[in-house]
Each structure stands twice: as structure tokens, then as C-alpha cells.
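The values are calculated or read from the model by the stated rules, or taken from the named source; none is laboratory data. This is a predicted model, so every value here is computed, not measured. Every residue, glycine as well, gets a Cβ built from its backbone with ideal geometry; the counts of neighbours run over all protein chains shown.
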Amino acid sequence: MTKPPVLVWLRRDLRVADNPALLAAIRARSPIVPVFIWAPEEEAPWSPGSASRWWLHRSLNALSESFRQCGSKLIVRRGPSRKTLVSLAAETGATTVYWNRLYEPAALARDRKLQEALRQSGFTAETFQGNVLFEPGTILNSSNLPFVVFTAFWKACLRARVPPRPDKTPDRIPGPRRWPHSLSVTDLELEPVIDWAAGLRQTWEPGERGAAKQIKAFLRDAIQLYSEAREQPGVRGTSRLSPHLHFGEISPWHVWHAAWRCRDSSARDAYLRQLVWREFAYHLLFHYPRTPAEPLRSEFRAFPWRRNAKMLKAWTRGQTGYPLVDAGMRELWHTGWMHNRVRMVAASFLVKHLLIPWQEGAAWFWDTLVDADLANNTLGWQWVAGCGADAAPYFRIFNPTRQEEQFDPEGAYVRHWVPELQRAPATYPRPIVVHEATRARALAALASMRRSRRS
């Protein structure tokens with residue numbers, strides 16, 4: 001007698017290779033119905049931004065092809081998730097649902113309720129660790145509390161169980177005798193109505209195959225120089241795997257074990273620290289779920305931020321008059337990505353030179369980054385603003401000109417993204433603020449916050 005199908009609910013684990021929920025279903029020797037459900041309202045207020053939706057459209061198309069090559073099919077539906085899964089179970093006769101866990105607050109709350117509701121309705125609902133190296137809640141300090149200092153967290157991760165090696169990609173995925181109806185990916189209307197994504201198309205190949213190409217190129221060409229080159233935006237010295245990891249097109253343990261084979265231990269460790277920084281972000285969001293909107297350090301609620309729509313617009317358009325900041329913001333708009341060193345400089349400029357709240361910068365990055373990830377976006381912005389875990393002190397204020405001299409000394413990066421500086425320098429805007437004056441203003445704002453805290 002044929003076993004009833006298993007529904008494998010895919011979210012941000014858009015891969016066939018090394019997918020724990022899918023592999024568990026294969027081991028159950030049951031027909032498998034892979035399903036993706038588009039329900040952005042269930043992730044509010046952090047439903048995917050514009051660049052993420054563009055990426056998701058292409059990633060789903062790539063995933064659909066991966067399943068086709070394995071003799072299977074990706075079923076695409078609109079939400080709500082619970083209603084859709086119950087409906088699919090009725091259509092297929094499935095009594096089991098598998099999925100890989102997510103850790104954002106809205107997803108956690110939804111999944112817990114959904115798992116309990118499915119079990120009460122007689123379903124088997126099992127979840128798996130498919131998106132992180134170390135399960136949030138398992139890496140704790142000696143007082144059984146979450147780490148808020150990265151170096152200590154990094155060392156604890158090194159002492160923990162080594163992440164498992166990647167599993168083999170299945171050659172064949174058994175399907176049901178009758179496939180349920182599926183929407184096309186185009187039906188989800190993820191792509192922009194006005195085509196602003198030409199630069200994204202030129203830069204990225206979303207999907208498993210794109211992730212495999214990216215890590216192969218990084219391990220072949222860049223990782224040996226990672227310790228030195230990763231801080232230079234004009235050099236292709238980083239892995240550029242962040243969007244592939246965010247959408248689960250490659251597993252983090254695949255990346256871990258691939259990087260571990262690097263002959264240069266200093267380059268290897270420098271890169272693995274960045275991979276574990278990603279983990280740190282997920283663990284912090286798990287323990288402190290309000291941080292996407294509120295500072296981890298409560299005293300920063302009293303910080304005298306300023307709202308200035310004109311200055312914010314100049315920053316988003318790359319028209320601040322500071323070439324490194326503007327280059328980064330233009331790279332972001334064109335490619336959906338920005339070099340990490342430049343992210344720090346651009347973010348610091350917004351919150352310290354302009355005193356605009358970090359939440360406004362985080363919202364802009366959320367909409368424009370292809371690797372927009374709630375945990376990492378939150379940690380990065382709070383780090384720069386001085387109000388989060390292991391944060392840079394607020395009084396450490398990047399000088400954009402000196403940062404350019406240090407990390408883009410030949411000017412390759414700035415010349416590429418701010419070409420008018422060479423062709424027609426008179427058209428480039430004058431600085432919208434003066435560094436020395438705004439540095440002094442930022443320090444005065446910090447002193448004001450401290451006084452208000454004492455009073």
C-alpha cells in the first residue's frame with residue numbers, strides 16, 4: 001500500500017541539496033509534495049522588501065527547475081499558510097508536514113501556533129534545523145544567559161559540536177500519483193512593475209546554481225587574500241554569499257566545511273568569524289525579539305535623534321558630497337548590495353553626522369538589499385548606532401574622507417560609482433554637512449542623552 005504523501009513546506013531554504021526537511025521526507029520513503037506559500041502579511045511588519053522580492057522570483061524559478069530535474073515539482077500557492085497546508089493535505093491525502101525552522105519573531109510565533117494546530121488536527125508536524133550552524137538558545141554563557149559580546153560567542157561556538165557535513169544531493173524525489181494545482185511564480189507578482197532591476201540582473205544569479213558558482217569562485221580566487229582584501233571595496237575580496245545564505249540556496253554548514261579546507265588558516269578563520277557573526281545576529285534576535293524596532297541598550301531610547309527628510313533623501317540617493325558614502329549608496333541602488341566596510345561608513349554617516357534614527361536607515365536597507373536579513377540588518381545598524389550588542393562606542397565616529405583614503409587608496413571604488421568626480425566635478429554636490437561640526441554635534445547629543453539618563 002502506498003504511503004500518504006509528505007508536504008515539505010519551503011520558506012527560506014530554497015534548495016534541493018542538503019535540505020534537512022526534504023531529506024527527512026526522502027528517508028520516510030513517502031511521496032513528497034514540495035510547497036512554497038506566499039504569505040507576506042504573516043511576516044509583517046518585516047515582509048520582504050522590493051529587492052528581496054525580485055530575488056525571490058528568480059530563486060523560486062531556479063528551485064522549480066531543480067525539483068524538475070529530480071522528477072518532482074514545486075507547488076506554489078498563496079497564503080494564509082495554515083489554510084493552504086490543510087487544503088493541500090486534503091487534496092493529496094498527506095498527513096505529515098515537514099519544514100525547516102525560522103527565527104524571526106513573527107515567523108516563530110506563527111510556526112509555533114501552526115505546529116500545535118496541525119498536531120491537534122491529527123497531522124504529524126515536524127521541524128528541522130536548516131538555516132543556522134547552531135540552534136538559537138543552545139550557545140549560552142556560564143550563567144546560562146545569551147552572549148552579547150561577539151568574541152565570547154565565537155569562542156563558545158568553536159567549543160561546540162562541529163556543524164554536520166553536507167548531505168548528498170538527492171538524484172530522485174518521489175512524487176504523488178496526482179499533483180495538486182500550482183500557481184506559476186509569475187502569479188505571485190514579485191517583480192517590479194517599473195523595471196528598475198537591470199543592475200541586479202547584471203550582478204546576480206539567484207538560486208542553487210548561482211550559490212554554487214559564487215562559493216566556487218570565492219574559494220578559488222578570493223579566500224586566500226580574504227584577511228587583507230575583505231576591507232577594500234574596490235577589490236572583489238568577499239564571498240558575496242549573503243543573499244544565497246539568506247534565501248537558503250546554500251546551507252551554512254556547506255559554507256563552513258568548504259571554507260575549512262582553505263590552506264591559509266588566518267584567511268579561513270577570518271572568514272569563519274564572519275559566518276559566525278551571522279549566527280550571532282540570529283541568536284540575538286531570538287533572545288531579544290524587540291530589537292528590530294528598539295535599541296538593545298535601553299538608555300538610547302532617550303537619544304535626541306533628528307528627523308530630516310531632505311538629508312535622508314540626499315543619503316538614499318548618494319548625494320551627500322562625501323564620495324565613499326555616495327559610492328556605497330549608489331552601489332546599493334544599482335546592485336542591491338553594498339560592501340560591508342562601506343555599509344559601516346554609510347550607516348555611521350546617517351546616524352552620527354546627520355543624527356537620523358538608525359531605524360530609518362535599517363528600513364531603507366531592508367527595501368533595497370538583496371541580502372536583507374532581519375537579524376543581520378538589526379545587528380549591523382545597532383552596532384553602528386552604538387545601541388546594540390558588542391556595539392562600536394557611539395563616540396567612535398568614522399571620518400568618511402579618511403576611510404576612503406585608508407580602504408580605497410587608489411580610488412577604484414569611488415571612480416566606478418561616482419564617475420562625475422573625474423568627468424564633470426562641478427556637477428558633484430558639495431558636502432551636505434561638515435565632518436568636524438557634525439562630529440561635535442553627535443558627541444553633544446551623546447552627552448545630552450547621558451545627562452537625561454542621570455536626571
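Values computed for the structure shown
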item: Subset of the stretch 355-402 [surrounded by fewer than 20 Cβ atoms within 10 Å (Cβ to Cβ), of a type in the set (S, T, N, Q) and more than 19 Å from PRO105 (Cβ to Cβ)]; result: ASN399, THR401
item: Candidate set from the stretch 109-132 (those that are free of Cβ contacts under 8 Å to residues at least 40 places away in the same chain and in a loop (DSSP other than H, G, I, E, B)); member that is surrounded by the fewest Cβ atoms within 10 Å (Cβ to Cβ); result: GLY122
item: All positions within the stretch 332-354 that are outside any helix (DSSP H, G or I) and among the aromatic types (Phe, Trp, Tyr); result: TRP337
item: Per-region count, the stretch 133-151, residues part of a helix (DSSP H, G or I) and exposed (fewer than 12 other Cβ atoms within 10 Å of the Cβ); result: 1
item: Unique match (being in contact (Cβ under 8 Å) with a residue 12 or more places away in the chain and in the same structural domain as PRO40 (by TED's automatic domain parsing)) among ALA90, ALA106, ALA160, ALA156; result: ALA106
item: Extreme residue, modelled with the highest pLDDT, among residues of the stretch 214-271 that are buried (at least 17 other Cβ atoms within 10 Å of the Cβ) and among the aromatic types (Phe, Trp, Tyr); result: PHE247
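Here's the yes/no breakdown for (1) more than 24 Å from PHE407 (Cβ to Cβ); (2) out of contact with any Phe, Trp or Tyr (no Cβ under 6 Å at 6 or more places or on another chain); (3) assigned to a helix (DSSP H, G or I):
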{"residue": "LYS213", "(1), (2), (3)": "yes, yes, yes"}
{"residue": "PRO233", "(1), (2), (3)": "no, no, no"}
{"residue": "ILE250", "(1), (2), (3)": "yes, yes, no"}
{"residue": "VAL255", "(1), (2), (3)": "yes, yes, yes"}
{"residue": "ALA258", "(1), (2), (3)": "yes, yes, yes"}
{"residue": "SER266", "(1), (2), (3)": "no, yes, yes"}
{"residue": "LEU284", "(1), (2), (3)": "yes, yes, yes"}
{"residue": "PRO292", "(1), (2), (3)": "yes, yes, no"}
